[in-house]
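These notes concern the structure reproduced below.
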Amino acid sequence: MGIFETGYLGLFLLSFLAATLVPIGSEGMLLVMLGTGYDPWLAIGLATAGNTAGGATSYGIGRMGKLRWLKLIRVEQEKIDAWQGRVERYGAWLALLAWAPVIGDLVAVALGFFRAPMWPVFLLMAMGKLARYVVISLPWIL
């Protein structure tokens with residue numbers, strides 16, 4: 001069975017994985033599903049829920065992180081300081097960017113690593129991800 005034959009469950013799972021460090025995207029599957037008649041709001045809701053759960057997982061991975069681990073994999077102190085400065089300056093509001101390609105996963109991990117407050121992070125993360133999926137789906141919901 002192909003990924004597009006799994007329907008809503010496949011969309012949820014793909015959206016979850018797309019919000020972790022796995023380099024895949026969920027937008028293509030959402031668009032295929034909308035183009036083939038799936039309910040737009042249900043698909044948007046499940047994609048948002050899966051992607052938010054994946055982002056929360058990335059946050060949790062960051063939360064378990066230790067500074068010495070970053071040193072072991074040779075992350076430069078300047079990069080660590082830069083991310084810490086961003087989290088201290090913007091806090092949970094950075095979670096609005098967790099949907100963004102390339103940096104979104106890093107944002108979620110950094111928010112966890114530097115102990116941004118969990119529930120505001122999850123709420124703002126969900127809002128950003130929902131907004132992205134709504135914009136992508138506009139032709140089917142207007």
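Evaluation of LYS71 against the conditions (1) in contact with a Gly (Cβ under 6 Å, 6 or more places away or on another chain); (2) at pLDDT below 95 shows that the sole unmet condition is (1). Would you be able to say whether some residue in the stretch 46-60 is at pLDDT 95 or above, over 24 Å from LEU94 (Cβ atoms) and not acidic (Asp, Glu)? Scanning the stretch 46-60 turns up at least one residue that is at pLDDT 95 or above, over 24 Å from LEU94 (Cβ atoms) and not acidic (Asp, Glu). When the stretch 36-47 is limited to residues that are open to solvent by 10 Å² or more (accessible area, probe 1.4 Å) and touching a residue at least 40 places away in the same chain (Cβ under 8 Å), the one that is nearest to GLY112 (Cα to Cα) turns out to be TRP41.
Considering only residues in the stretch 99-142 that are under 19 Å from GLY85 (Cβ atoms) and among the aromatic types (Phe, Trp, Tyr), the one that is surrounded by the fewest Cβ atoms within 10 Å (Cβ to Cβ) turns out to be PHE114. For GLY50, the requirement of being buried (at least 16 other Cβ atoms within 10 Å of the Cβ), over 14 Å from the mean Cα position of the chain (by Cα) and within 22 Å of VAL121 (Cα to Cα) is not met.
The values are calculated or read from the model by the stated rules, or taken from the named source; none is laboratory data. These numbers come from a predicted model, not from an experiment. Positions of Cβ are generated from backbone atoms using ideal geometry, with glycine treated the same way; all protein chains shown enter the neighbour counts. Just so you know, the surface numbers come from the protein's heavy atoms only, side chains and all, with ligands and any DNA or RNA stripped out. Shrake-Rupley method; radii C 1.70, N 1.55, O 1.52, S 1.80 Å.
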